[in-house]
1. Filter the range 199-225 for residues that are at pLDDT 95 or above and surrounded by 13 or more Cβ atoms within 10 Å (Cβ to Cβ) and give the result.
2. If we keep just the residues of the range 234-246 that are in contact with a helix residue (DSSP H, G or I) (Cβ under 7 Å, 6 or more places away or on another chain) and not β-branched (Val, Ile, Thr), which is farthest from Met205 (Cα to Cα)?
3. Sort out which residues of the range 23-80 are buried (at least 16 other Cβ atoms within 10 Å of the Cβ), of a type in the set (Val, Ile, Thr) and within 19 Å of the chain's Cα centre (by Cα), and write them in order of number.
4. Yes or no: the range 178-194 includes at least one residue that is away from the ligand (no atom under 16 Å from the Cβ), loosely packed, with under 15 Cβ neighbours inside 10 Å and more than 18 Å from Ile156 (Cα to Cα).
5. If you take the residues in the range 150-177 that are closer than 13 Å to Gln130 by Cβ and charged (D, E, K, R), which one is most open to solvent (accessible area, probe 1.4 Å)?
6. Taking Glu55 and the conditions (1) within 16 Å of the ligand (Cβ to nearest atom); (2) touching a Gly at 6+ places or on another chain (Cβ under 9 Å), which numbered condition does it fall short on, given that it satisfies the others?
7. If you check Ala162 against the conditions, is it in contact (Cβ under 8 Å) with a residue 12 or more places away in the chain, assigned to a helix (DSSP H, G or I) and under 19 Å from Asn252 (Cβ atoms)?
8. Please work out if Glu89 is surrounded by fewer than 21 Cβ atoms within 10 Å (Cβ to Cβ) and touching a strand residue (DSSP E or B) at 6+ places or on another chain (Cβ under 7 Å).
Amino acid sequence: MRNLLSMEHLTNKEVIGILLRAEEFEKGEQPSLNRSYNVANLFFEPSTRTSTSFEMAERKVGCTVIPFSASFSSALKGETMYDTVKTLEMIGLDAVVIRAVEDAYFNELLEGINIAVINAGDGVGQHPSQSLLDLYTIYKEFGKFEGLNVTIVGDITHSRVAKSNAIALKNLGVNVRFVCPQEWAGDFEAYHSWDGLLEDSDVVMLLRIQHERHAVNENFSKESYHEEFGLTFEREARMKKGAIIMHPAPVNRDVEIASGLVECERSRIFEQVRNGVFVRMAILETILKGRE
Ligand code: CP
């Protein structure tokens, strides 16, 4: 694995390898890179979890984190993504973690860029490190994937998490169901109500409504959405014993999930954030070691 761009590119063996390495890191095992690598985090879209978690993981595996501020970079003067990354390569960086507005921005880096590229989210495309930490959270809970029922609810068409997880979970033998309003299904075959899906779900994964990617004058009522598609206390009570609640966050409380459920017993929402550091350590180590 020389880069991490899309869950489409990962075999199940590579996925499981990262999860097992994350588990070792969680148990206290030390990283095994032979030298310190220079890494920069290029975030052209807002982020709290992914950017901070990657920086924490980079420091924990012994990387030197080179500061890069997208809002003060020469991208604002029209420099292309290719020229930005090539410039950082020439300065001596070994890897870049990138979040960008454009879908599949990494395609323009495939030829001519020799340093590692880790996709931290591309437009409405992919979010592979989030998918891997979601998989790790599920693996820790159930110790398997085959035969689980995972119900993903929300803004499917704008969600890179839904797209990444759809690929990865199906490859691992999970029965994935999508629930959303008709207009947010995109190319996905989706249900338009929770009917019959709550009671047998092992995982209910909620998604943020990405208003920033919707039409400006969209007619949207938080209350109506919560009533029809949100995880309410009444719906949580119908979930089966041992089933868990996940959300990649940031959470819109009382929209996709009742505020009082965010830290309830079933919720793994903050645990996902914690798991993200171990998973990103595993991603960084796997990619950088693969280049040693
Ligand atoms: N889940 C996720 O990608 O969160 P951030 O946007 O805060 O990085």
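The values are calculated or read from the model by the stated rules, or taken from the named source; none is laboratory data. If you're wondering where the values come from, they're calculated on a predicted model, not measured in any experiment. All Cβ positions, glycine included, derive from the backbone under ideal geometry; neighbour counts span all protein chains shown. Note: accessible area is taken over every heavy atom of the protein model, side chains too, but ligands, DNA and RNA are not part of it. Shrake-Rupley method; radii C 1.70, N 1.55, O 1.52, S 1.80 Å.
1. Initial filter on the range 199-225 (at pLDDT 95 or above): 199-207.
The answer is Asp200, Ser201, Asp202, Val203, Val204, Met205, Leu206, Leu207.
2. Just the residues of the range 234-246 that are in contact with a helix residue (DSSP H, G or I) (Cβ under 7 Å, 6 or more places away or on another chain), to begin with: 236, 244-246.
When the remaining residues are screened for being not β-branched (Val, Ile, Thr), the result is 236, 246.
Numbers: Glu236: 12, Met246: 5 Å.
Per the stated criteria, the residue is Glu236.
3. Of everything in the range 23-80, just one residue is buried (at least 16 other Cβ atoms within 10 Å of the Cβ), of a type in the set (Val, Ile, Thr) and within 19 Å of the chain's Cα centre (by Cα), namely Thr50.
4. Checked against the condition, which is being away from the ligand (no atom under 16 Å from the Cβ), loosely packed, with under 15 Cβ neighbours inside 10 Å and more than 18 Å from Ile156 (Cα to Cα), the range 178-194 yields no hits at all.
5. Out of the qualifying residues, it is Lys163.
6. The single condition Glu55 does not satisfy is (2).
7. On the way: in contact (Cβ under 8 Å) with a residue 12 or more places away in the chain: yes; assigned to a helix (DSSP H, G or I): yes; under 19 Å from Asn252 (Cβ atoms): yes.
So Ala162 fits the description; yes.
8. Values: surrounded by fewer than 21 Cβ atoms within 10 Å (Cβ to Cβ): yes; touching a strand residue (DSSP E or B) at 6+ places or on another chain (Cβ under 7 Å): no.
So Glu89 fails the test.
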